[in-house]
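Undergrad: Quick one: the structure is below, and I'll ask about it shortly.
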Amino acid sequence: MTTTYAALLRGINVGGSRKVPMADLRTLLTGLGYEDVRTYLQSGQAVFASGHGDEESLAAEITHAIEKHFGFRVEVIVRDHAYLKAIADACPFPAADLEPKQLHVTYFSAPVTPERFAEIDRSAYLPEEFRLGDRALYLYAPNGLGRSKLAEHLAKPRINKGVIATTRNWNTVVKLVELTGPEHHAG
């Protein structure tokens, strides 16, 4: 029984450093024995099927393979279709009424508690808002991520201490659900 997963790579192919060409990534993942390997955009999403391992062990395997091949460490989060769909379905903001650039999901490698974000004065950032989900944070940034002061604060190392955090816009969130779904699985 194989499961289809998405691998989310953090911080690659931005600003000329830490280059991971998607064709090379596909070759690497296929070499690990994964099936139906596809990539989405240049920002580090791969979709694959595997009959062994779990999200944690697959993430560790991919992290190790990338480091061995490219010579630098890339943090990776692996999540299956059921999780990705549940995150999209549980969105507390009206996704259908918003532009995709206004809505983002930060995926975390482990559960995060509200205490982690207690220092943030939420009212100071309005109309920007965030809500916590299952190993995820939903961010509403009406003017986009690039201009978001709240996103800047949420990205601080002390807030993300001890977890991998990687953010995707709503288009990518929805696309990953689609790409990991049963109708896309060739096997």
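Undergrad: I need every pair where a residue in segment 114-131 that is over 17 Å from Phe93 (Cβ atoms) has its Cβ under 9 Å from the Cβ of a residue that is open to solvent by 80 Å² or more (accessible area, probe 1.4 Å), sequence separation at least 6 or different chains.
TA: Arg116/Lys161; Glu119/Arg158; Ala124/Lys149
Undergrad: Now a separate question. Looking at Leu41 and the list (1) surrounded by 15 or more Cβ atoms within 10 Å (Cβ to Cβ); (2) of a type outside the set (Phe, Trp, Tyr); (3) within 19 Å of Thr180 (Cα to Cα); (4) modelled with pLDDT under 90, which single condition is not satisfied?
TA: (1)
Undergrad: Another question, then. Go through segment 117-163 and give me each residue that's among the hydroxyl-bearing types (Ser, Thr, Tyr) and buried (at least 17 other Cβ atoms within 10 Å of the Cβ).
TA: Result: Tyr125, Tyr138, Tyr140, Ser148.
Undergrad: Can you tell me how many residues in segment 67-81 are open to solvent by less than 70 Å² (accessible area, probe 1.4 Å) and more than 14 Å from Ala110 (Cα to Cα)?
TA: Total meeting the criteria: 6.
Undergrad: Which members of segment 27-38 meet the condition of being farther than 11 Å from Ile62 by Cα, surrounded by 14 or more Cβ atoms within 10 Å (Cβ to Cβ) and out of contact with any His (no Cβ under 7 Å at 6 or more places or on another chain)?
TA: Those that are farther than 11 Å from Ile62 by Cα, surrounded by 14 or more Cβ atoms within 10 Å (Cβ to Cβ) and out of contact with any His (no Cβ under 7 Å at 6 or more places or on another chain): Glu35, Val37, Arg38.
Undergrad: Another question about this same structure. Examine segment 168-178 for a residue that is surrounded by fewer than 17 Cβ atoms within 10 Å (Cβ to Cβ), assigned to a loop (DSSP other than H, G, I, E, B) and at pLDDT 95 or above, and state whether such a residue exists.
TA: no
Undergrad: Right, here's the next one. Going through segment 99-112 one residue at a time, which ones are modelled with pLDDT of 95 or more and either open to solvent by 70 Å² or more (accessible area, probe 1.4 Å) or hydrophobic (A, V, I, L, M, F, W, C) (or both)?
TA: Of everything in segment 99-112, those that are modelled with pLDDT of 95 or more and either open to solvent by 70 Å² or more (accessible area, probe 1.4 Å) or hydrophobic (A, V, I, L, M, F, W, C) (or both) turn out to be Leu103, Val105, Phe108, Ala110, Pro111, Val112.
Undergrad: Can you report the number of residues in segment 94-152 which are touching a helix residue (DSSP H, G or I) at 6+ places or on another chain (Cβ under 6 Å) and among the acidic types (Asp, Glu)?
TA: Of the residues in that region, 1 qualify.
Undergrad: Residue check: is Ile87 touching a residue at least 60 places away in the same chain (Cβ under 8 Å) and not polar (S, T, N, Q)?
TA: Here the answer is yes, as Ile87 does meet what is asked.
Here's the yes/no breakdown for (1) small (Gly, Ala, Ser); (2) at pLDDT below 95; (3) more than 25 Å from Val174 (Cα to Cα):
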{"position": "Met22", "(1), (2), (3)": "no, yes, no"}
{"position": "Tyr34", "(1), (2), (3)": "no, no, no"}
{"position": "Val37", "(1), (2), (3)": "no, no, no"}
{"position": "Ala46", "(1), (2), (3)": "yes, no, no"}
{"position": "Ile62", "(1), (2), (3)": "no, no, no"}
{"position": "Ala65", "(1), (2), (3)": "yes, no, yes"}
{"position": "Gly71", "(1), (2), (3)": "yes, yes, yes"}
{"position": "Val74", "(1), (2), (3)": "no, yes, no"}
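Undergrad: Continuing with this model, one more query. Conditions first: (1) in contact with a Ser or Thr (Cβ under 9 Å, 6 or more places away or on another chain); (2) open to solvent by 20 Å² or more (accessible area, probe 1.4 Å); (3) hydrophobic (A, V, I, L, M, F, W, C). Ala96 passes all but one, so which condition is the exception?
TA: Ala96 satisfies all of (1) in contact with a Ser or Thr (Cβ under 9 Å, 6 or more places away or on another chain); (2) open to solvent by 20 Å² or more (accessible area, probe 1.4 Å); (3) hydrophobic (A, V, I, L, M, F, W, C) except (1).
The values are calculated or read from the model by the stated rules, or taken from the named source; none is laboratory data. In this text the structure is predicted, and so the values were computed from the model without any measurement. FYI the Cβ positions are ideal-geometry reconstructions off the backbone, even for glycines, and counts take in every protein chain you see. We work out accessible area using only protein heavy atoms, side chains counted, and drop any ligands, DNA or RNA first. Shrake-Rupley method; radii C 1.70, N 1.55, O 1.52, S 1.80 Å.
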